[in-house]
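What follows draws every value from the coordinates through simple rules; no lab data is involved. Keep in mind it's a predicted model, so treat the numbers as computed, not measured. Cβ sites come from the backbone with ideal geometry, for glycine too, and all protein chains shown count toward neighbours.
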Amino acid sequence: MKLGIVTLHSTDLPPDQRFDWWCDLISRDVAPIRVTSDHAADFRASAGAIDLDTVQVTTMSFPALSSVRTPALIRRSDPERYELALIVGSTMWISQGGNDTRMGAGDLVMWDTSHPYEGGAFDGPGPARAIIVHLPKSELPLPSSKVDALLAHAVPAGGGFGAILAGYLRTLVREAQSMSLPDVKRLGAATLDLALAFLAHLLNAQDRLSPETRQLALMARIRAFVEHNLADADLTPRAIAQRHHISVRYLQLLFQRQGTTLTAWIRRRRLEHCRADLADPSLAAQPIHVIAARWGFVRAADLSKSFRARYGLPPKDYRHEALTRATSAADDGHTRR
């Protein structure tokens, strides 16, 4: 059974019903808020939900608006959560506990449903969009007095653990359509652990995390480091272990617990990148040896042998078939138009 992401669109309703539908949806499924918008007459928005058992993730897209959560609305209903959001669209803002911040695409920000706040989105070249992780307060091992210091502060996700969490959330949303029941518990725990590791990193409180969460955070850092350095043909287990201040033996053990080896995982990621480049029409003029070198294969022959073993045909033949399919699909699209 596939779970995936369930997305609802206001445009499925008549224009005069869209704004009220959106307000009711957010108040019921996220937290009661009061919303105003200059676009209320024809409110074009969408909301998606991914239920990961341990945590829930929501995607939102909406035009410029202002929202407020008052003490009266909190008394009416409070899910008692921290909301951790990755902004992926136009500029937004939030104010809570005396803190005010503007957030642009690529920023992470958090707020507390148990205290009043105001927020919204500005008019921009496109809609405001966000991926929100709903973190139950009962699941956070971090002291609330410290966590409160993070509220309504934008954290750029361009590097460090913020980049790891942001990349994970984007991938989660993109791959949610293929999610099956056995994935739910595993991904729910991983999402919670990565969010906790991100917050603990900001607060310098890693000692508050469970050994399992610290291990998952370490694996996330290792994977991100390897992905960033796949082009380096000298990317060795020793270099990776030294970079993360662990032994080579422990590094190998971490991957064994994932049912693979470090060497096999690096080879697979290099092959997947090469496969994507070979199928990219914009790279059709690039020689295969250039693509091989880009992803850490010293010789084209090394790529050819590994590629055939994994995908059943050599890189040249795969590229020919992939580009032929792409050209046919483009021609069909032009014909239909």
When you take every Cα atom in the range 264-336, what is the radius of gyration, and what is Dmax, the widest Cα pair distance, in Å?
13.1, 44
Return the whole-Å distance between the Cα centroid of the range 64-135 and the Cα centroid of the range 233-293.
38 Å
When only Cα pairs under 8 Å and 6 or more residues apart are kept, what is the percent relative contact order across the range 161-279?
19 percent
Within the chain: Cβ-based charge dipole about Cα centre, in debye rounded to nearest 20 (Lys, Arg +1; Asp, Glu -1)
1520 debye
Tell me the mean residue ellipticity at 222 nm calculated for the chain from its helices only (DSSP H runs of n ≥ 4, each -39500 (n - 2.57), averaged over every residue, nearest 500).
-14500 deg cm²/dmol
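Order by neighbour count: Asp193, Asp20, fewest other Cβ atoms within 10 Å first, most last. Mind showing how you got there, number by number?
On the way: Asp193 21, Asp20 14.
Lowest to highest Cβ neighbour count: Asp20, Asp193.
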For the chain, what's the relative contact order in percent, using C-alpha pairs closer than 8 Å and at least 6 residues apart?
13 percent
Just going by the charge dipole of the chain, with Lys and Arg at +1 and Asp and Glu at -1 on Cβ, which of Leu323, Met60, Ser180 is farthest out on the positive end?
Leu323
Packing-ranked peptide list from 247-259, 81-93, 7-19, highest mean Cβ count within 10 angstrom first, is 81-93, 7-19, 247-259
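So how do 131-139, 226-234, 53-61, 106-114 stack up, highest first, on mean other-Cβ count within 10 Å?
On the way: 131-139: 17.9, 226-234: 13.3, 53-61: 19.8, 106-114: 22.2.
In decreasing order of mean packing, 131-139, 226-234, 53-61, 106-114 become 106-114, 53-61, 131-139, 226-234.
Do you know the relative contact order of the range 264-336, to the nearest whole percent, from alpha carbon pairs under 8 angstrom that are 6+ apart? It would help to have the intermediate numbers written out before the result.
Working: 48 pairs, mean separation 21.5, N = 73.
After rounding, I find 29 percent.
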Of the convex hull drawn through the C-alpha atoms of the chain, the volume per residue in Å³ is 172 Å³
